[in-house]
Amino acid sequence: MLTPAQISQYQNDGFLVFPQLLSSTKLKKYIEMVDALVEMGKSLIDPQPHWSLEFSEDRQPIPGMLHKVQGAFLVEPNLLPLAQEEPLLSYATTLLDQQLDVFGTKFFPKLPHGGTSVGWHQDNYYFGTSQERIVSCAIYLEDTDRKNGCLRLIPKSHLPQAIRPHQRMLNGHGSFTEVDETLAVDLEIAAGTAVLFSPNLLHGTHDNRSQRSRYTVVWHYIPADFGIERFPKSGEGDRHVVSRRS
Ligand SMILES: O=C(O)CCC(=O)C(=O)O
């Protein structure tokens, strides 16, 4: 359960940070799973369904350099329990509803020397809505700082509940917006830390200019009875039940 102060903080600032929520044993287990994904990525010459590669300066995919696994819980179903870890699921339940699903699951390895994940954006831009009945979650499996590409966000930027114009990036990795970076907070956090944030919050990341990777798994909690067109409840898509039915 979240305290009333944490709930207010989420509502006012648009995010909450839970330092080292995962034990070292669990971290090791999940890192082994995503290491295997990075290993599979090494054999890719071109992007494939679910799998995207980093781009070179001349906008060509770099063989073997994994950018993202989209639909991470479909590709590696053993990652699903990450979204059910306690107390994380209880926190999301407090913010949203008793019965939750997750959708839009991703793994970003952010590999050394040039790994990227996202530029400035609001998740709701991608979901085609501006409502707050979704909570985004990023869990960092490795220590993250400015050098290896930590998460950056703009506190309170969710409050207008308005979606800004986003521009498609030339390298094909998403659409991003412009922000006043003097308002940004860089989240330099330890492995095992989870961040919950509003789908309207402006956030982005630094690129990885270090010799270390920066693994993160990302997903979005949504009430089980809430449908959004782009991630329908039925079918074989990237939407998964996480709450245990009582
Ligand atoms: O890579 C990260 O740290 C966060 C990724 C993210 O926020 C997103 O996928 O929307």
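Using the alpha-carbon positions of the range 17-241, Rg (one decimal) and Dmax (whole number) come out as 16.4, 48 Å.
Take the Cβ atoms of D46 and S234, set R0 to 41 Å, and the FRET efficiency comes out at 0.85. When each of Y125, Y215 is scored by the number of other beta-carbon atoms lying within 10 Å, the sequence from fewest to most is Y125, Y215. Just from its helices, what would the mean residue ellipticity at 222 nm be for the chain, if runs of 4 or more DSSP H residues each count -39500 (n - 2.57) and the sum is divided by every residue, rounded to the nearest 500 deg cm²/dmol? Roughly -5000 deg cm²/dmol at 222 nm, from the helical runs in the chain.
Between the C-alpha center of the range 127-156 and that of the range 9-75 there is a gap of 14 Å. 3J(HN,Hα) along the range 139-154: 10, 9, 8, 9, 4, 9, 9, 4, 6, 9, x, 5, 5, 10, 8, 10 Hz, from the Karplus curve 6.51 cos²θ - 1.76 cosθ + 1.60 with θ = phi - 60°, whole Hz, x for Gly and Pro.
Spin-label model, A36 to K147: label points 7 Å out along the Cα-to-beta-carbon direction sit 3.2 nm apart. Total lysine pairs in the range 17-241 at Cα distances under 27 Å, for residues eight or more apart or on different chains: 29. For the range 157-245, the C-alpha radius of gyration sits at 1.34 times the compact-globule guess of 2.2 N^0.38 Å, with N the residue count. A simple spin-label model places the labels of R168 and N12 4.2 nm from each other, with each point 7 Å out along Cα-to-Cβ.
Every number here is computed from the coordinates shown, using simple stated rules; none is lab data. Just so it is clear, the structure is predicted and the values come from calculations on it, not from any experiment. As a convention, Cβ positions derive from the backbone with ideal geometry for all residues, glycine included, and neighbour counts pool all protein chains shown.
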